[in-house]
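Please read the structure below before turning to the comments.
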Amino acid sequence: MTDTDRSRVREITATVAERVRALRASRGWSLDELAGRSGVSKGMVVQIEGAKTNPSVGTLARIADAFGVTVARLLEPPATERAVHIADARDAPLLWQGPAGGLGRLLRGTNEPDFVELWEWRLAPGERHDSADHAPGTRELLHVLAGEVTVTVGGTDHRVATGQTIDFLADRWHAYRNDGGTPTRLLMVVVMPSGEWDRRHQPTP
């Protein structure tokens, strides 16, 4: 990891800490309340708010679901609303790195009026990414730009080839893996319902 990469990680960690503290304070939630709603341990929440850890994409998704916002909201500092926004992929947060060079990059997200995220995923041969359940009603649309990916939803495998798109309910356990011999490149859109999600009182289907 280069010095630029380390600086970027520190910047993202600090931004997440600030946003989580602010969102929790605005709702009047205690650390225990956020931990209960998100299913993330209180110790981890304390580490995140103290900018002492770089949380995984799964942890960020659980906290975002609890607040009823996108992961992008946790990663982006407050900014003036603009009618048009152009961002370079090189500046997008890198939230997952596979052992063989794969990556998961959050290109952009919106919170108003609709909750949508745009992701770029790359999986080297043999790599996989597992994802826990998202808020009820969440859907993922995944388009394969190169290679082939196997998407597991609720224990069933679905092979998706170059040029194909899969659309599925992501409010259950799911995973992506590259069983082939060439790299896989994907674009993914996540569409989420609005509203906070308390995992203690809203069981997953």
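Below are the figures for this structure:
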{"item": "For H158, distant residues with modelled amide H under 5 Å away", "result": "V151, T152, V153"}
{"item": "Neighbourhood net charge (11 Å Cβ-Cβ; Lys/Arg +1, Asp/Glu -1) for L94", "result": "+1"}
{"item": "Cα-derived Rg to Rh of the stretch 3-75, Kirkwood definition", "result": "0.95"}
{"item": "Spatial separation of Cα centroids for the stretch 132-205 and the stretch 1-64, in angstrom", "result": "23"}
{"item": "Charge dipole (the chain, unit charges on Cβ, about Cα centre) - positive-most of M192, S7, L94", "result": "S7"}
{"item": "Size of charge dipole - the stretch 35-180 - debye, nearest 20, with Cβ of Lys, Arg +1 and Asp, Glu -1, no other charges", "result": "340"}
{"item": "The stretch 113-205: trypsin sites (Lys or Arg not before Pro) in DSSP coil with no more than 13 other Cβ atoms inside 10 Å", "result": "R200"}
{"item": "Cα-based helix-to-principal-axis angle, 3-27 vs the chain, degrees rounded to 10", "result": "50"}
{"item": "The chain, relative contact order in percent, only Cα pairs under 8 angstrom and at least six apart counted", "result": "21"}
{"item": "Net charge over other residues, Cβ less than 14 angstrom from the Cβ of V144 (K, R count +1; D, E count -1)", "result": "-1"}
{"item": "Overall form of the chain per C-alpha gyration tensor (a/c, 1.5; a/b vs b/c)", "result": "prolate"}
{"item": "Contact order relative to length of the stretch 89-192, as percent, for alpha carbon pairs under 8 angstrom and 6 or more apart", "result": "32"}
{"item": "Sparse-neighbourhood loop sites, GluC sites (Glu not before Pro) in the stretch 56-151 - DSSP loop, at most 13 other Cβ within 10 angstrom", "result": "E81"}
{"item": "Listed residue (G147, P113, W173) projecting farthest to the positive dipole end of the stretch 112-177, Cβ model", "result": "G147"}
{"item": "Whole-Hz ³J(HN,Hα) from phi, Karplus 6.51 cos²θ - 1.76 cosθ + 1.60, for the stretch 55-71, glycine and proline x", "result": "x, 6, 4, x, 5, 4, 5, 5, 5, 4, 4, 4, 7, x, 10, 7, 4"}
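Bear in mind that the values in this text are calculations on the coordinates, not laboratory data. Every value quoted in this text rests on a predicted model; they were computed, and no experiment measured them. Using ideal geometry, Cβ is built from the backbone for each residue, glycine included, and neighbour counts are taken over all protein chains shown.
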